[in-house]
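K.L.:
One structure, pasted below without further comment.
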Amino acid sequence: MTIPVSLGERSYPILVEPDLLSQPQIWPQNALAGEIFLVSNSTIWALYGENLQKSLEARGARVTPFLMGDGEAHKSLETASRAFDAMASAPISRGGAVWALGGGVTGDLAGFVAATWMRGVAFVQVPTTLLAMVDSSVGGKTGVNHPRAKNLLGAFWQPQAVLIDPNCLKTLPPREFAAGLAEVIKYGVIADPQFFEWLEENLDAVLAFDGAALAHIIARSCEIKALVVGQDERESDSVGRRAILNYGHTVGHALEATTKYGELLHGEAIAMGMTVEARLGIEIGTISREAGTQLLERQTQLFERAGLPTQTPQNANFEALWNAMTLDKKNRGASVSFVVPSKRLGEVVKIDAPREAVQRAVFG
């Protein structure tokens, strides 16, 4: 299936197709280039790298592989600098393209490199994790981490295409798959209560890797994100439409930063963050206590069924968390912004919240 991301001259397709990596004949023509800088890591490369390289070479490309480390700690300026050195040696010209084969870390780093090499070259996302398929590969956010905050350095740089092969999920470790479900569940809370209900009824099929169920969660998640991105590409419109995608992320990113990007997977941190930000909505009254409590209970049940954590570690240092939150990119001025439930399931709102209320919500 093909899901369009409508951004005028920057529009691009999301293709979802089993064995897509072996079918270069159906890839969009504008995704190809004579020089391809193919970013991945050693784990993913061993599974899919050679196959993708052969497919690219069959379309006439000269491929330069670049393998980075696995994990958020490697999404850094140091890794980007090594990539730039490799691109200069290849060389990759202004007419070349950067392809990202891997999860969100690989896609974010590769996109940042594509956005900054020679002031911008073509970029293609080939996500191999559920998290990347349903979230980070769509929307054009790229970046690297700073020791004090996640994704503090980056650029909006839309891909030419997103190529999703659901068969890649067969080799994904269970913990990584569960982490991706946090973002899937998020879409139901922020925009589609019917999708949330579908997840409640069909999560067992998803966890059993039922093909139709996997295709549905990937497609629906991409549809929701594509719609939001099409309305607010750079998270800058007056009503903050794209900001709704950040539900759970102010707290989640702070948890990742304060644990040095090494203890929590992104989706695990986001599940905790969504729990905290649901409590915060109840605390400050954007949603009634009755409706908010029901939403929180249903959300928590889904997370627990998926094998995701929901409670902030009791030994967490709130001062360190708060300091990380103050560096979040969604903030304007000195206030700290959060996305919290509003009125009912399927609606959220961006608000500034006082430190005391956030501290109460963090520790429940």
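K.L.:
Report, by residue number, each residue of the range 206-262 that is outside any helix (DSSP H, G or I), open to solvent by 10 Å² or more (accessible area, probe 1.4 Å) and in contact (Cβ under 8 Å) with a residue 40 or more places away in the chain. Outline the logic, then answer.
P.N.:
So the first thing to find is which residues in the range 206-262 are outside any helix (DSSP H, G or I), and the list is 208-210, 232-240, 247-248, 259-262.
Applying the additional criterion that residues be open to solvent by 10 Å² or more (accessible area, probe 1.4 Å) yields 208-210, 233-240, 259-262.
Once the filter is applied, which keeps residues that are outside any helix (DSSP H, G or I), open to solvent by 10 Å² or more (accessible area, probe 1.4 Å) and in contact (Cβ under 8 Å) with a residue 40 or more places away in the chain, the range 206-262 yields F209, E233, R234, E235, G240, K260, Y261, G262.
K.L.:
Report every pair of residues separated by at least 6 positions or lying on different chains whose Cβ atoms are under 9 Å apart, first residue within the range 26-43 and of a type in the set (F, W, Y), second in a loop (DSSP other than H, G, I, E, B) and open to solvent by less than 10 Å² (accessible area, probe 1.4 Å).
P.N.:
Listed pairs, sorted by first residue: F37/I92; F37/G96; F37/V121.
K.L.:
Separate question: Quick one: would you say S55 is in contact with a Pro (Cβ under 6 Å, 6 or more places away or on another chain) and farther than 27 Å from A178 by Cα?
P.N.:
On the way: in contact with a Pro (Cβ under 6 Å, 6 or more places away or on another chain): yes; farther than 27 Å from A178 by Cα: yes.
Yes, satisfied.
K.L.:
Here is a follow-up. Given the range 123-168, what strands (runs of 3 or more DSSP E) lie entirely inside it while holding 2 or more residues that are at pLDDT below 95?
P.N.:
Values: elements: 141-146, 149-156, 161-164.
Hits in the range 123-168: 141-146, 149-156.
K.L.:
Quick one: count up the residues across the range 301-311 that are buried (at least 16 other Cβ atoms within 10 Å of the Cβ), in contact (Cβ under 8 Å) with a residue 60 or more places away in the chain and either aromatic (F, W, Y) or within 28 Å of A73 (Cβ to Cβ) (or both).
P.N.:
Final tally of qualifying residues: 3.
K.L.:
Further question on the same structure: I'd like to check something: does the range 49-61 contain any residue that is among the aliphatic types (A, V, I, L, M) and closer than 27 Å to E268 by Cβ? Please lay out each step first, then the result.
P.N.:
Narrowing the range 49-61 to residues among the aliphatic types (A, V, I, L, M): 52, 56, 58, 61.
Of the ones still in play, those that are also closer than 27 Å to E268 by Cβ are none.
Checked against the condition, which is being among the aliphatic types (A, V, I, L, M) and closer than 27 Å to E268 by Cβ, the range 49-61 yields no hits at all.
K.L.:
Being open to solvent by 20 Å² or more (accessible area, probe 1.4 Å) and either of a type in the set (V, I, T) or in contact (Cβ under 8 Å) with a residue 60 or more places away in the chain (or both) is the filter here, so list the residues in the range 118-128 that pass it.
P.N.:
First, pick out the residues of the range 118-128 that are open to solvent by 20 Å² or more (accessible area, probe 1.4 Å): 118-119, 122.
Within the range 118-128, just A122 meets the criteria.
K.L.:
Ok, one more. Here is a list: A179, A132. Which entry is without any contact (Cβ under 8 Å) to a residue 60 or more places away in the chain, under 30 Å from T116 (Cα atoms) and in contact with a Gly (Cβ under 7 Å, 6 or more places away or on another chain)? Can you show your working first?
P.N.:
Working: A179 fails: without any contact (Cβ under 8 Å) to a residue 60 or more places away in the chain.
Result of the check over A179, A132: A132.
K.L.:
Considering only the range 157-171, I want to know if a residue exists there that is under 20 Å from I244 (Cα atoms) and either touching a residue at least 24 places away in the same chain (Cβ under 8 Å) or surrounded by fewer than 18 Cβ atoms within 10 Å (Cβ to Cβ) (or both).
P.N.:
Of the range 157-171, the ones under 20 Å from I244 (Cα atoms) are 157-158.
Right, trim to either touching a residue at least 24 places away in the same chain (Cβ under 8 Å) or surrounded by fewer than 18 Cβ atoms within 10 Å (Cβ to Cβ) (or both) and you get 157-158.
Checked against the condition, which is being under 20 Å from I244 (Cα atoms) and either touching a residue at least 24 places away in the same chain (Cβ under 8 Å) or surrounded by fewer than 18 Cβ atoms within 10 Å (Cβ to Cβ) (or both), the range 157-171 yields at least one hit.
K.L.:
When R175 is evaluated against the numbered criteria (1) of a type in the set (K, R); (2) under 30 Å from S11 (Cβ atoms); (3) not in a loop (DSSP other than H, G, I, E, B), which criterion, by number, is the only one it fails?
P.N.:
(2)
K.L.:
Another question, then. Give the residue, chosen from G49, G34, G8, that is in contact with a Leu (Cβ under 7 Å, 6 or more places away or on another chain) and not basic (K, R). If you could, list the steps in order and put the result at the bottom.
P.N.:
Working: G34 fails: in contact with a Leu (Cβ under 7 Å, 6 or more places away or on another chain); G8 fails: in contact with a Leu (Cβ under 7 Å, 6 or more places away or on another chain).
Every option except G49 fails the conditions.
K.L.:
Being of a type in the set (V, I, T), open to solvent by 10 Å² or more (accessible area, probe 1.4 Å) and closer than 23 Å to R175 by Cβ is the filter here, so list the residues in the range 266-300 that pass it. So that I can check it myself, show each step before the final result.
P.N.:
Step one: filter the range 266-300 for residues of a type in the set (V, I, T), giving 270, 275-276, 282, 284, 286-287, 293, 300.
Narrowing the set further to residues that are open to solvent by 10 Å² or more (accessible area, probe 1.4 Å) leaves 282, 284, 286, 293, 300.
Scanning the range 266-300 gives a single hit, T300.
K.L.:
Okay, next question. Restricting attention to the range 33-62, and to residues there that are more than 22 Å from the chain's Cα centre (by Cα), over 13 Å from V98 (Cβ atoms) and outside any helix (DSSP H, G or I), which single residue is modelled with the highest pLDDT?
P.N.:
Among residues in the range 33-62 that are more than 22 Å from the chain's Cα centre (by Cα), over 13 Å from V98 (Cβ atoms) and outside any helix (DSSP H, G or I), the one modelled with the highest pLDDT is R62.
K.L.:
Also, quick follow-up: Could you tell me which numbered condition V144 fails, if it satisfies all but one of (1) under 22 Å from I14 (Cα atoms); (2) open to solvent by less than 10 Å² (accessible area, probe 1.4 Å)?
P.N.:
(1)
K.L.:
Report, by residue number, each residue of the range 63-115 that is out of contact with any Phe, Trp or Tyr (no Cβ under 7 Å at 6 or more places or on another chain), part of a loop (DSSP other than H, G, I, E, B) and crowded, with 19+ Cβ neighbours inside 10 Å.
P.N.:
K75, S76, G103
The values are calculated or read from the model by the stated rules, or taken from the named source; none is laboratory data. Bear in mind the structure is a predicted one, so any value in this text is a computation, not a measurement. In this analysis, Cβ positions are derived from the backbone assuming ideal geometry, glycine residues included, and neighbour counts consider all displayed protein chains. Each accessible area value is taken on the protein alone, full model and side chains, heavy atoms only, with ligands, DNA and RNA left out. Shrake-Rupley method; radii C 1.70, N 1.55, O 1.52, S 1.80 Å.
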